[in-house]
Every structure is written in structure tokens, then in C-alpha cells.
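The values are calculated or read from the model by the stated rules, or taken from the named source; none is laboratory data. Keep in mind that what you see is a predicted model, and the values were worked out from it rather than measured. Reconstructed Cβ throughout: ideal geometry from the backbone, glycine too, with neighbour counts over all protein chains shown.
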Amino acid sequence: MVLAQLFEDDVDQEFGVLVGADKSVHTFVLHDGKGDINTQIRTARIPELTDITSHGETSPYRRAVSEALAVANLFFPAPHGG
């Protein structure tokens, strides 16, 4: 997985886009939790991933998805047939 985009969505949550080696695209909201950084790390959660693969390349995140796909292709090249 490649983190294509991550930005603050609210005081205690971040919105992100992940791109998989299989070219799947998912969005998520990371709930940071409250308190000091150690508490936030311990209590952070991602309650669900939303699969947007079918429209990831035409979504508002298309530039980040395209760039992440290029990175994913560098690290996870497609297997050669044979």
C-alpha cells in the first residue's frame, strides 16, 4: 500500500487515500483520539476503508492516486508473464 494523500479533516481526525500494489484505491478517516501524542497513538483507529477503485482515477484525489500508482509501480512492479 502507498499512502497517496493525508490531510487534517477535523480537530482529531485525518482523511487519507491509500493505493494498493493491485491498483486498488481506498479512502479512510483516521480518528486520532484525544490527549497527548502517546495516548493518540494508542487510541487511534480507522473504523473503515471505503473502496473507490472503480472511480479512483476520476475522483477529486486523481492526481494523488496517479502519483501513488507511479510509486507503487516502482516498488511493486507487475510480474512478468512466462
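What to note about this one:
- Test: residue in region 15-28 that is basic (Lys, Arg), closer than 28 Å to residue 78 by Cβ and surrounded by 10 or more Cβ atoms within 10 Å (Cβ to Cβ): yes
- Residue match in region 62-71 (condition: surrounded by 15 or more Cβ atoms within 10 Å (Cβ to Cβ), touching a Gly at 6+ places or on another chain (Cβ under 8 Å) and touching a residue at least 12 places away in the same chain (Cβ under 8 Å)): yes
- Taking every residue in region 27-39 that is farther than 30 Å from residue 51 by Cβ and among the small types (Gly, Ala, Ser) and pairing it with any residue that is modelled with pLDDT of 85 or more and not in a loop (DSSP other than H, G, I, E, B), at least 6 positions away or on another chain, the pairs with Cβ-Cβ distances below 8 Å are 35/43.
- Yes/no for residue 36 being more than 12 Å from the chain's Cα centre (by Cα) and surrounded by 13 or more Cβ atoms within 10 Å (Cβ to Cβ): no
- Applying the criterion of being aliphatic (A, V, I, L, M) and free of Cβ contacts under 8 Å to residues at least 24 places away in the same chain to the residues of region 40-55, the residue that is surrounded by the fewest Cβ atoms within 10 Å (Cβ to Cβ) is 41.
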